[in-house]
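For reference, the structure discussed in these notes is given below.
The values are calculated or read from the model by the stated rules, or taken from the named source; none is laboratory data. All of these numbers come straight from a predicted model, not from anything done at the bench. Methodologically, a virtual Cβ is constructed for each residue, glycine included, from the backbone with ideal geometry; neighbour enumeration extends over all protein chains shown. Surface accessibility is based on the protein's heavy atoms, side chains included, excluding ligands, DNA and RNA. Shrake-Rupley method; radii C 1.70, N 1.55, O 1.52, S 1.80 Å.
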Amino acid sequence: MTVSSGETLALWNRLLDRVRTHVPFYRERLPSSIATLEEVAELPFTTKEDFRDTYPFGLVAVPLAEVVRVHMSSGTTGRPVVTAYTRGDLERWAECIERTLRMGGVGSDDVIQNAYGYGLFTGGFGLHLGAERIGCLVVPTSSGVTQRQVMLLRDLGATVLACTPSYALVLAETVAREGIQGELRLRCGFFGAEPWTDGMRRQIERGLGLEAFDIYGLTELGGPGVAAECGQHQGLHVFEDHFYAEVVDPESGRPLTSGEEGELVLTSLRREASPVVRYRTRDRTALIDDPCPCGSPFRRMLRLRGRTDDMLVVRGENLFPSQVEEVLLQVQGLTGNYQLVVDRGAGQLDRLEVRVEAAPGCDPAALGPQAETRVRETLGLGVRVTVLPPGSLPRSEGKARRVVDLREL
Ligand code: DLL
């Protein structure tokens, strides 16, 4: 399973032919073929706005009779982004998720509790398909109803957990509160759909007694199953036999080289119903060419720091919530339950307040100044850190809301 450039070029040309034949949006914009992969950099991008403008089925490349499923993401504003699947797409999706789970050694003896949301979101059904393909026993809890989740984790003897990292933390907290960690059989977990740091990873691994794997995907490319961590935990392997990955300078759109951080651009090489050419993900990462000790033929992307649209500009400084998270979790006694509140004070100066919860039994008063010093020294930013007692901030069942921006209200 290696990816030769000859094969990839052939997939590209088949893709161009398909989308030009069936999707007017692409027919007008793309050449009928390319001679080398270098020419990919000349092709136009597809953006989230293009998905919204062609809502619901404008980018679909097969007759609707061949579509057997849709998923979508609503985002916070505007029309949803719709992605469609043929029967063959579902099979390929299941294959990619199977590959993801196999990275953690998952096999048919495993019991997987799938606490990603089922429904329009791709997470629940995506993980479900792949786990069933392996032959795992799937417990499709979907997200929420935390008390019952924890009871089922214990009673059904789940060995694998799948959910967002912020929800994994909620589960870990509940497990600790009920004092049942010793009764769990969890061995590994597959967490993604939102940015999370290594500090958060350690809290989840400790709290649930498992090895955590980072998994990546997005609705526009069909959901999870685009990239996943192997046991080395040094970046996520992009499944390059299905997805063509580039990283570009977000300003100029110019391709960047291995190790340079920029915006991830993805093309689906094999999807039938909703093929996408050069999708600008707005996700910030770098691609790594160096071979991975695990022997995978697929290049890696670094763990995501965040989306370009989550980046905060505070008094002219660029800041991702995950950078603050990393610093907070170096302070013993603080947890991954945090929120950043940005406001504009008198004199129109931006103020950033970090609200973070202390772990049970820790003294909030002592931790605030310590965290403020760390943030200032590490990120060069003066912030107020308010340390709250455990349980003060809202808990998320899916993607956590990390930023509250009051400046535009
Ligand atoms: O979140 C698909 C998914 C489901 C991925 C389950 C992993 C697990 P969307 O709702 O369309 O799809 O959101 C996609 O979430 O562009 C990233 O900004 C972010 N994201 C996804 N995975 C990761 C990750 C699903 N591992 C958007 N690390 C993407 C950081 C992630 N951010």
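Using a 1.4 angstrom probe on heavy atoms only, work out the carbon and sulfur share of the accessible area of segment 190-335 in %. Intermediate values should be presented prior to the final figure.
Details: 2090 of 4830 Å².
Carbon with sulfur: 43 percent of the solvent-accessible area.
For n ≥ 4 DSSP H runs only, could you compute -39500 (n - 2.57) per run for the chain, divide by its residues and tell me the 222 nm figure to the nearest 500? Intermediate results must be reported in sequence, preceding the final value.
Numbers: 10 runs with 116 residues, N = 409.
One gets -8500 deg cm²/dmol as the mean residue ellipticity at 222 nm.
Three principal axis extents, largest first, for the C-alpha atoms of segment 311-408, in Å?
That gives 38, 31, 23 Å along the principal axes, largest extent first.
At what distance in nm do the modelled label points of Ser4 and Glu42 sit from each other, each positioned 7 Å from its Cα along Cα→Cβ?
Calculated label separation equals 2.5 nm.
With the Cα gyration tensor of segment 212-343 in hand, convert its eigenvalues to equivalent ellipsoid semi-axes via √(5λ) and list them largest first in whole Å.
Numbers: eigenvalues 143, 72, 42 Å².
Values for segment 212-343, descending: 27, 19, 14 Å.
For segment 1-122, what % of the accessible area comes from carbon and sulfur atoms, probe 1.4 Å?
On the way: 3090 of 5940 Å².
Of the solvent-accessible surface of segment 1-122, carbon and sulfur hold 52 percent.
Counting only heavy atoms of the protein chains, get the accessible area per residue of segment 87-307 (1.4 Å probe) and round it to a whole Å² value. Numbers along the way, then the final one.
Details: 7590 Å² over 221 residues.
That works out to 34 Å² for each residue.
Under 1.5 on a/c is rounded, so check that first for segment 146-264, then, if it is not, pick prolate when a/b is larger than b/c and oblate when it is not; a ≥ b ≥ c are the square roots of the alpha carbon gyration tensor eigenvalues.
On the way: a/c = 2.71, a/b = 2.45, b/c = 1.11.
It comes out prolate by the Cα gyration axes.
With a/c under 1.5 counting as rounded, go ahead and sort segment 349-399 into rounded, prolate or oblate using the C-alpha gyration tensor (a ≥ b ≥ c being the square roots of the eigenvalues; past the cut-off, prolate if a/b is larger than b/c, else oblate). Mind dumping the intermediate values first?
Values: a/c = 2.27, a/b = 1.34, b/c = 1.69.
Oblate.
Please say if segment 114-165 is rounded, prolate or oblate, where rounded means a/c under 1.5 for a ≥ b ≥ c the square roots of the C-alpha gyration tensor eigenvalues, and otherwise the choice is prolate for a/b larger than b/c and oblate otherwise? Before the final figure, lay out each step's value.
Values: a/c = 2.23, a/b = 1.16, b/c = 1.92.
It comes out oblate by the Cα gyration axes.
What does the convex hull of the alpha-carbon atoms of the chain project to on average, in nm²?
Values: hull surface 82.0 nm².
Mean orientational projected area (the chain, Cα hull): 20.5 nm².
Taking the Cα-to-Cβ direction at Ser108 and at Phe57 and moving 7 Å from each Cα, how far apart do the two end points lie in nm?
Here the modelled spin labels are 3.8 nm apart.
When the solvent-accessible surface of protein heavy atoms is calculated with a 1.4 angstrom probe, in what order do His22, His237, His128 fall, highest first?
Numbers: His22 95, His237 0, His128 35 Å².
Sorted descending by solvent-accessible area, the residues read His22, His128, His237.
Along the three principal axes, how long is segment 87-307 when you take its alpha carbons, biggest first, rounded to the nearest angstrom?
Largest to smallest, the principal-axis extents are 52, 39, 31 Å.
May I ask for the distance between the Cα centers of segment 183-243 and segment 25-71, given as a whole number of Å?
28
Under the √(5λ) rule applied to the eigenvalues of the Cα gyration tensor, what semi-axes describe the equivalent ellipsoid of segment 1-123? Give them in Å, descending. Numbers along the way, then the final one.
Working: eigenvalues 162, 102, 38 Å².
Semi-axes, largest first: 28, 23, 14 Å.
So with the 1.4 Å probe, I'd like the accessible area per residue for segment 311-408, rounded to whole Å². Don't jump to the answer; show the numbers that get you there.
Values: 4870 Å² over 98 residues.
Here the per-residue accessible area is 50 Å².
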